[in-house]
Amino acid sequence: MNEDGQISGTRLAIVGIVIAAIVVASVSTYFVTKGGEEKKKPVLQYWNTMSDTEQGMKMLREKLVPIVEKNVPEIRLKDYFGPGKYEKEKKQFLIAAKSGVPDVQEQVYAVYGTLVDQGLIMPITERFNNWDKSDEFYDWTIDAMKIKGEIWGVPHQTNVRCLAYRKDILEKYGLSVPKTWSELVEVASTITEKEEGMQGLALTTKQGDVRACQEFQAWFYAATDHRMFKRSGDKWTLWGTEEDFKKVFELYHAVLNADPPGFKKEGLGNGYPETDRGLLRGKYAMAHMGPWLPFWAQGKPENSVMKQTLDEIAVAPLPQPEGSTDVVGSYAETKAYVINKYTKHPDKTWELITEGLENPEWRTQVTLTNFQLPARKDIANKPKIMKHEWLKPWSTRVKEDRGIVPAPINWGPVKEEMYKNISAVCQEVKTPQKAASDFVTAVEQLVKKEEI
């Protein structure tokens, strides 16, 4: 990639050769003999990020493939599940899409807009509305799939964000779970003061870190109960106001400047691994968090301490500024299946999604293994999920909070302005008011230049 985010000619050629190899290797049909009769059976490709790990590939081959073979016997699922990472998946798809590869892929909200604008995925509005499971999805997950009046994907995961906290530490000092930002600052400061070696609240502030961006948005949604951007005609415009962003920057400033600070400045620049592991290793008592946390406590024997700590962690809605509504707007990271516009088998691909990828047995297995919350209420209410000690409170938050999925814009330049001003406030180079003003001015310029 060059500085403008474009793929160089040399790299384009190399990636093109790789994609060509994938396409050539992807025979579109194969023959099945039954009772002496030969029939063509389509071979479909499904790309997803589970293929990035050995455990994920094992699940795909041993759990998903048999489910597809049983429920969609007219197709064969190819034993190649993509490059494994979203960025690689996006780059390869932009090049290979018109060849019909893959037929369906899992993608994140930030990519939908690009794929729609480039005409590479097909709208599924009519198919979705006629599906007998369409009413089972949480409303916000469907709203996230809508662009230009059409539905473009089937959501399968929605990870709401909450306040994860050490219930044993709060009980030790007689502290209540904070419901407002001022209570959050006070509780965090008290824990830093009283619990040796522990800080009250983790802040994720590393520039370029995906969680740092998500955390800032989560606090924004808790304060406003709406997206940062809204659709105005054919364009996305800034919905958040200077006053909205000032509140969020003030929260960072207040946590860092309490006496003692709820989060110490030597931790500035932490990314998501430091936040997650820090909570599990007893460095922090509270953090903005999603349901994936048990992942860090699995596997190696040295993770036993983190497993013990996990038992002491509970979740609650993110605190809100004083005077906010009773319903908490929660950042909801939503992923979906999107269909290649150029697939040679659109009907079979739709059937692969509805009868295979959205099969309740498969979705339940993924939820229990990967700790990712389902986007469908009927699956979320499965006894195995509702009785799961860790997942149950997260499932409750999905039902009671209002999930907000970020607008499907080009977040790259927006995130740069976000990181820049978070850092400036934390380092006291700017006041929250100045940071909010600069952020709004910069983003409005990006809107004006149509760079988002």
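Could you say whether any residue in the stretch 413-424 is under 24 Å from the mean Cα position of the chain (by Cα), more than 15 Å from residue 205 (Cβ to Cβ) and not β-branched (Val, Ile, Thr)? Write out each step before concluding.
In the first step, residues of the stretch 413-424 are kept if they are under 24 Å from the mean Cα position of the chain (by Cα); the result is 413-423.
Those left that are additionally more than 15 Å from residue 205 (Cβ to Cβ): 413-414.
Adding the requirement that they be not β-branched (Val, Ile, Thr) leaves 413.
Checked against the condition, which is being under 24 Å from the mean Cα position of the chain (by Cα), more than 15 Å from residue 205 (Cβ to Cβ) and not β-branched (Val, Ile, Thr), the stretch 413-424 yields at least one hit.
Restricting to the stretch 311-356, name every residue that is free of Cβ contacts under 8 Å to residues at least 40 places away in the same chain and not assigned by TED's automatic domain parsing to the domain that holds residue 142.
Taking the stretch 311-356 and keeping what is free of Cβ contacts under 8 Å to residues at least 40 places away in the same chain, we get 311, 323, 326, 347.
Across the stretch 311-356, the qualifying residues are 311, 323, 326.
Condition (residue is of a type in the set (A, V, I, L, M), in contact (Cβ under 8 Å) with a residue 24 or more places away in the chain and part of a helix (DSSP H, G or I)) applied to the stretch 286-305: is it met by at least one residue? So that I can check it myself, show each step before the final result.
Taking the stretch 286-305 as the starting set, the residues that turn out to be of a type in the set (A, V, I, L, M) are 286-287, 289, 293, 297, 305.
Applying the additional criterion that residues be in contact (Cβ under 8 Å) with a residue 24 or more places away in the chain yields 286-287, 289, 293, 305.
Within this subset, residues satisfying the condition of being part of a helix (DSSP H, G or I) are 293, 305.
Taking every residue of the stretch 286-305 in turn, at least one turns out to be of a type in the set (A, V, I, L, M), in contact (Cβ under 8 Å) with a residue 24 or more places away in the chain and part of a helix (DSSP H, G or I).
List the pairs whose first member sits in the stretch 59-70 and is under 12 Å from residue 363 (Cα atoms), whose second member is of a type in the set (A, V, I, L, M, F, W, C) and crowded, with 18+ Cβ neighbours inside 10 Å, and whose Cβ atoms are under 7 Å apart, counting only residues at least 6 apart or on separate chains?
Listed pairs, sorted by first residue: 59/50; 60/50; 60/81; 63/362; 64/362; 67/362.
Does any residue of the stretch 253-276 turn out to be without any contact (Cβ under 8 Å) to a residue 40 or more places away in the chain, in a loop (DSSP other than H, G, I, E, B) and not aliphatic (A, V, I, L, M)?
Taking every residue of the stretch 253-276 in turn, none turns out to be without any contact (Cβ under 8 Å) to a residue 40 or more places away in the chain, in a loop (DSSP other than H, G, I, E, B) and not aliphatic (A, V, I, L, M).
When residues of the stretch 230-254 are filtered for being under 25 Å from residue 143 (Cβ atoms), modelled with pLDDT of 95 or more and not charged (D, E, K, R), how many remain?
7
Take the stretch 123-171 and flag every residue that is among the hydroxyl-bearing types (Ser, Thr, Tyr), in a strand (DSSP E or B) and farther than 30 Å from residue 198 by Cα.
Scanning the stretch 123-171 gives a single hit, 158.
Within the stretch 432-452, restricting attention to residues that are free of Cβ contacts under 8 Å to residues at least 60 places away in the same chain and in a loop (DSSP other than H, G, I, E, B), which residue is surrounded by the most Cβ atoms within 10 Å (Cβ to Cβ)?
451
Give the residue, chosen from 131, 140, that is among the aromatic types (Phe, Trp, Tyr) and either in contact with a Cys (Cβ under 9 Å, 6 or more places away or on another chain) or modelled with pLDDT under 95 (or both). Spell out how you get there, then give the answer.
Working: 131 fails: either in contact with a Cys (Cβ under 9 Å, 6 or more places away or on another chain) or modelled with pLDDT under 95 (or both).
Exactly one of 131, 140 is among the aromatic types (Phe, Trp, Tyr) and either in contact with a Cys (Cβ under 9 Å, 6 or more places away or on another chain) or modelled with pLDDT under 95 (or both), namely 140.
Testing residue 73 on (1) out of contact with any helix residue (DSSP H, G or I) (no Cβ under 7 Å at 6 or more places or on another chain); (2) without any contact (Cβ under 8 Å) to a residue 60 or more places away in the chain; (3) over 23 Å from residue 347 (Cβ atoms), one condition comes back false. Which one is that?
In the conditions (1) out of contact with any helix residue (DSSP H, G or I) (no Cβ under 7 Å at 6 or more places or on another chain); (2) without any contact (Cβ under 8 Å) to a residue 60 or more places away in the chain; (3) over 23 Å from residue 347 (Cβ atoms), residue 73 misses (3) alone.
Restricting to the stretch 397-426, name every residue that is surrounded by fewer than 19 Cβ atoms within 10 Å (Cβ to Cβ) and assigned to a loop (DSSP other than H, G, I, E, B).
If the condition is that a residue be surrounded by fewer than 19 Cβ atoms within 10 Å (Cβ to Cβ) and assigned to a loop (DSSP other than H, G, I, E, B), then 410 is the only one that fits.
For the stretch 67-80, check the following and say yes or no: at least one residue is at pLDDT below 85 and in a strand (DSSP E or B). Walk me through it before giving the result.
Taking the stretch 67-80 as the starting set, the residues that turn out to be at pLDDT below 85 are none.
For the stretch 67-80, residues at pLDDT below 85 and in a strand (DSSP E or B): absent.
The values are calculated or read from the model by the stated rules, or taken from the named source; none is laboratory data. In this text the structure is predicted, and so the values were computed from the model without any measurement. Quick reminder, even Gly has a Cβ in these numbers, built from the backbone with ideal geometry, and neighbours come from all protein chains shown.
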